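*Asks:* What follows is a structure written as structure tokens; I'll ask about it next.
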Amino acid sequence: MAIELGHKVALVTGATQGIGRALALGLAAAGATVVCSDVEAADATAEAIRDAGGDGHALALDISAEEQVTAAMAFLDGLGGVDLLVNNAGIFPRSPVLDLDAAEWDRVMAVNLRGTFLCSRGAAGRMRAQGRGGRIVNVTSGAAFVPTPQSAAYAASKAGIVALTRVLALELAADRVTVNAVAPGLTDTAQPRAFYSEDDLQAFAGRIPAGRLGMPEDIVPAVLLLCSDEAAYITGQTLHVNGGLYMP
């Protein structure tokens, strides 16, 4: 089944690298106009989309800042509104709970959970007003279901995203706006490589039934499906993409 997203306008947060970049490129390849946002505008991702013949735009956006999210929604208005929102941006500092100070906890919650809330609220309001439905896909994490040590703030924020996804799904279903989450397992991006050695990563890969670590491109098909018209009856769900490592 080929996913066709022509005439759709998408916002992807955290689109500079890793999963976010792969998702932005995937949505564009399916025909969507893609706004690639990050704390610093994801110019390289937008340029790659344009080089491939797509319609890509770069936008600087701190998703934890309400006024910047409001401005981002106005930017989308200039492109004809918003049909697809992929909340991907997130941070993953590591610390034992007893060493975790409140400021760091608040910083993680501000980006991962507050940012997802602000972007979802802004996009959902426009989707409702536009009257043509819409799709919101939140990138959570396997850590929300199978947490690891030193990930208290991250795991809690990602679990919060799962709960937010379900509430939004209930509240927006009548507007034909679906809200789902995708939960990647350990994926080979800069984030885990900042904490784990190559030997650590390969040892972890050995525990995955699929026999390898996930790659950013592995997340793309799940998000494309949930953004498609074919997924109109799927809402409030979390789709796990982890090579069979765990099956909640």
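The values are calculated or read from the model by the stated rules, or taken from the named source; none is laboratory data. Being a predicted model, the structure only gives us computed values, none of them experimental. Positions of Cβ are generated from backbone atoms using ideal geometry, with glycine treated the same way; all protein chains shown enter the neighbour counts.
*Asks:* In the stretch 179-196, what residues are out of contact with any Gly (no Cβ under 8 Å at 6 or more places or on another chain) and either assigned to a helix (DSSP H, G or I) or surrounded by 19 or more Cβ atoms within 10 Å (Cβ to Cβ) (or both)? Steps first, answer last, please.
*Replies:* Looking only at the stretch 179-196, we keep the residues that are out of contact with any Gly (no Cβ under 8 Å at 6 or more places or on another chain), and these are 181-182, 192-196.
Passing the criteria: A181, V182, P192, R193.
*Asks:* Just to be sure before I move on: is R132 at pLDDT 95 or above and assigned to a loop (DSSP other than H, G, I, E, B) in the structure I sent?
*Replies:* yes
*Asks:* Check every one of the strands (runs of 3 or more DSSP E) wholly within the stretch 1-74 and list those with 1 or more residues that are among the charged types (D, E, K, R).
*Replies:* In the stretch 1-74, the matching strands (runs of 3 or more DSSP E) lie at 33-38, 55-60.
*Asks:* Could you check how many residues of the stretch 99-130 are hydrophobic (A, V, I, L, M, F, W, C) and without any contact (Cβ under 8 Å) to a residue 24 or more places away in the chain?
*Replies:* 3
*Asks:* Within the stretch 201-248, how many residues turn out to be touching a residue at least 60 places away in the same chain (Cβ under 8 Å) and among the β-branched types (V, I, T)?
*Replies:* Of the residues in the stretch 201-248, 5 are touching a residue at least 60 places away in the same chain (Cβ under 8 Å) and among the β-branched types (V, I, T).
*Asks:* I've got another one for you. Can you find a residue that is basic (K, R), farther than 20 Å from R21 by Cα, surrounded by fewer than 17 Cβ atoms within 10 Å (Cβ to Cβ) and touching a residue at least 60 places away in the same chain (Cβ under 8 Å) anywhere in the stretch 77-98?
*Replies:* yes
*Asks:* What about A173, is it under 20 Å from L11 (Cβ atoms), among the hydrophobic types (A, V, I, L, M, F, W, C) and surrounded by fewer than 21 Cβ atoms within 10 Å (Cβ to Cβ)?
*Replies:* no
*Asks:* Next up: Does D218 satisfy being within 23 Å of P93 (Cα to Cα), charged (D, E, K, R) and in a helix (DSSP H, G or I)? Can you show your working first?
*Replies:* Values: within 23 Å of P93 (Cα to Cα): no; charged (D, E, K, R): yes; in a helix (DSSP H, G or I): yes.
Taking the combined requirement at face value, the residue does not satisfy it.
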